[in-house]
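The values are calculated or read from the model by the stated rules, or taken from the named source; none is laboratory data. Please read these numbers as outputs of a predicted model, since none were measured by experiment. Heads up, the Cβs are rebuilt from the backbone with ideal geometry, glycines too, and the neighbour counts pull from every protein chain shown. Note: accessible area is taken over every heavy atom of the protein model, side chains too, but ligands, DNA and RNA are not part of it. Shrake-Rupley method; radii C 1.70, N 1.55, O 1.52, S 1.80 Å.
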Amino acid sequence: MTGIDRITKAFSKGHVAFMPYAVLGYPDRQASLAVVQTLAEAGADLLELGVPFSDPLADGPTIQAATQKSLENGTTLKDCLAMTGELRQRGVNTPALLMGYINPIMAFGIAPFVAEAATVGVDGLIVPDLPPEEADELADACAKHGVALVFLLAPTSTAERIQLVVEKSQGFIYLVSLTGVTGARRDVPPDLADFVARVRAQTDKPLAIGFGIGNGEQARQVSQLANGVIVGSALVKLAAESLDNMRALAMELRAGVGK
Amino acid sequence: MMPQTKGKFGTYGGQFVPETLMPALAELETAYEIAKADQNFQAELSHLLKTYVGRPTPLSFAKRLTNHLGGTKIYLKREDVAHTGAHKINNALGQALLAKRMGKPRIVAETGAGQHGVGSATACALLGLQCVVYMGEVDMARQRPNVFRMQLLGAEVRAVGSGSRTLKDAINEAIRDWVTNVRDTHYLLGSVLGPHPYPTMVRDFQSVIGLEARAQILEAEGHLPDLLIACVGGGSNSMGLFHAFLPDQAVAMVGVEAGGCGIESGKHAARFAPPISSNSRPMMEARLGVLHGTKSYILQTPDGQIAETHSISAGLDYPSVGPEHAWLRDEGRISYTYATDTETLAAVKLLSQLEGIIPALESAHAVAEAIKRAPTMPRDSLMVVNISGRGDKDLDTMISHL
């Protein structure tokens, strides 16, 4: 079974998928493995594993600080691949996507990176600064190894861009709920339903919504619009403070998403 | 020489940005293409450049410097006397006019040395636009007069405390702001960097420098110069000077990067400097990569993290370089070298004392290269050096070093 297959299956369980995010190497290498394991045990259908980058321009303060700490710990893209492999060895079988910026991937080498990612058990990639127009080389490498390359849509996306992304995105489409960077917000954006409807009109592929979702009630509201709910900053904030509190939030989110 | 495909210079350039910004870039590209072809827009910009900025800026013969160095005749293109004291105003006014046409009432900008921030704040004051400028904390400390100038001009200066707290981090924050407020905000990027159409658009707005210089040197000397020299941070003043001369094959061009404490020290911002041979793993090396929406050469660690660069001049302290520069270097059309902090300070002193012109630390990098080259060139040859800005903003740094 390829990564694309495993991700597709995660969206075919008859309930909305819960996809929590964690920064690899934060608060440190071992602790981050425990964080991911905890998220998997709390009922994650998919895992989004953040790869640190020095200049994360799509991220808000919480993830900026966490990825910065991870870099200070010496985390490299190679380490992130090794950590994913270690999680698989520990029996974490949840489909996993690496989320990271394009420059470290280019430095690693696009083809060798995707080959190694597939080998260690990475199922998909999310690269926020790589729109489909610039993604040919990475898309070819992913296709060769059955790794899903997931593209994003935003509330500003036009009908033409929606068409392009729904054609190119594999496994699911990542809908950025708001115009802005990552980080928990107080309310679900009022125009989210319209945005989702515009995308839904153009595709039957699973739609997962992320950015700004931080509690069970928001997760519940968003789950009524989508096939998947992605939560990052709110969990990352707790990852270094208390694993118990993070587990509690993950379970609250899981319950909000419904099962 | 034209880029092969839209938005690309050879393999460099492109649009590496979050999806949220892709529609805004398309909107900007369309608006710019229409404005570029619109005589009313061009007339309005030309009128402002003449009556407000004070263009054309002079081309000054540097007689005493020429005699002192004993070689080629040196001319100085005087962007330092443009309103606000640097070439940055050319682009800031052009983009602010465009933003107004696009109905965007709010401007965000980044600044390193503060000259682009001041240029943006000035253009916004003139045209009645709201202006927010992001500036790294390190740069705010070393360019204090410009912080106060921006505030006096009505702009809000937001300190950036993340990363290296310099220009690159200011750009990160400006992009984050733009992603958040994209519907009513124009990002007034200050150099030939970033995603398409910025490298092309900023070059076009700065190309007035070279168009003027070409006409001025022909009037003064009756023939084209043998060599052009300009400093290269992101690369807007150099591209502005060079662009009009690109078809003139006999005109050589040198871009001068920030050599900082020397290439072997690892504390510099010379993206095109040849790698030093060393048995130990280098802390940073220039490789093809992506930063701030464009593919170009970037100083980075072996793991692909963007390196923290160093230069005595905030405006050259940046790990990447405009994609058109990378392409023209590959084409062999422009050559690149660097000047160290020490050479730069010596150049400031020499130009000040022989010509009565205190150059910005950025521009003094070009002067430092002129000092090296002039004695090796024949007396009947001609050199044009771009004095991209004046040094008033750098007095604190100069006082502590000279």
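Observations
- Residue in the stretch A:146-160 that is farther than 20 Å from A:Ala96 by Cβ, open to solvent by 30 Å² or more (accessible area, probe 1.4 Å) and in a helix (DSSP H, G or I) present: yes
- Residues that are within 13 Å of chain B (Cβ to nearest Cβ) and either β-branched (Val, Ile, Thr) or assigned to a loop (DSSP other than H, G, I, E, B) (or both) within the stretch A:66-97 comprise A:Thr67, A:Asn73, A:Gly74, A:Thr75, A:Thr76, listed in sequence order.
- A single entry from B:Ser388, B:Ser363 fulfils the requirement of being crowded, with 24+ Cβ neighbours inside 10 Å, of a type in the set (Ser, Thr, Tyr) and touching a Gly at 6+ places or on another chain (Cβ under 8 Å): B:Ser363.
- Where helices (runs of 4 or more DSSP H) fall entirely within the stretch B:127-199, those with at least 3 residues that are charged (D, E, K, R) and within 11 Å of chain A (Cβ to nearest Cβ) are at B:167-181.
- Selected residue (only one of B:Gly85, B:Gly14 is touching an Asp or Glu at 6+ places or on another chain (Cβ under 7 Å), closer than 25 Å to B:Ala170 by Cα and within 14 Å of chain A (Cβ to nearest Cβ)): B:Gly14
- Qualifying residue in the stretch A:168-181 (condition: part of a helix (DSSP H, G or I), modelled with pLDDT of 95 or more, within 14 Å of chain B (Cβ to nearest Cβ) and open to solvent by 10 Å² or more (accessible area, probe 1.4 Å)): yes
- Close Cβ contacts (under 8 Å, 6 or more residues apart or on different chains) running from residues in the stretch A:142-163 that are at the interface with another protein chain (Cβ under 9 Å from one of its Cβ atoms) to residues that are open to solvent by 10 Å² or more (accessible area, probe 1.4 Å) and of a type in the set (S, T, N, Q) comprise A:Ala154/A:Thr179; A:Pro155/A:Thr179; A:Thr156/A:Thr179.
- Restricting B:Leu228, B:Leu167, B:Leu188 to residues that are hydrophobic (A, V, I, L, M, F, W, C), buried (at least 24 other Cβ atoms within 10 Å of the Cβ), touching a helix residue (DSSP H, G or I) at 6+ places or on another chain (Cβ under 8 Å) and assigned by TED's automatic domain parsing to the domain that holds B:Ala370 narrows the list to B:Leu228.
- Boolean, B:Gly289 is more than 14 Å from chain A (Cβ to nearest Cβ), open to solvent by less than 60 Å² (accessible area, probe 1.4 Å) and outside any loop (DSSP other than H, G, I, E, B): no
- In the set B:Met102, B:Met140, only one residue is closer than 22 Å to B:Ala360 by Cβ, hydrophobic (A, V, I, L, M, F, W, C) and surrounded by fewer than 24 Cβ atoms within 10 Å (Cβ to Cβ); that residue is B:Met140.
Per-residue answers, yes or no, for (1) under 30 Å from B:Thr180 (Cβ atoms); (2) of a type in the set (A, V, I, L, M, F, W, C):
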residue: A:Leu49; (1), (2): yes, yes
residue: A:Phe53; (1), (2): yes, yes
residue: A:Leu71; (1), (2): yes, yes
residue: A:Cys80; (1), (2): yes, yes
residue: A:Thr94; (1), (2): no, no
residue: A:Ala107; (1), (2): yes, yes
residue: A:Ala111; (1), (2): no, yes
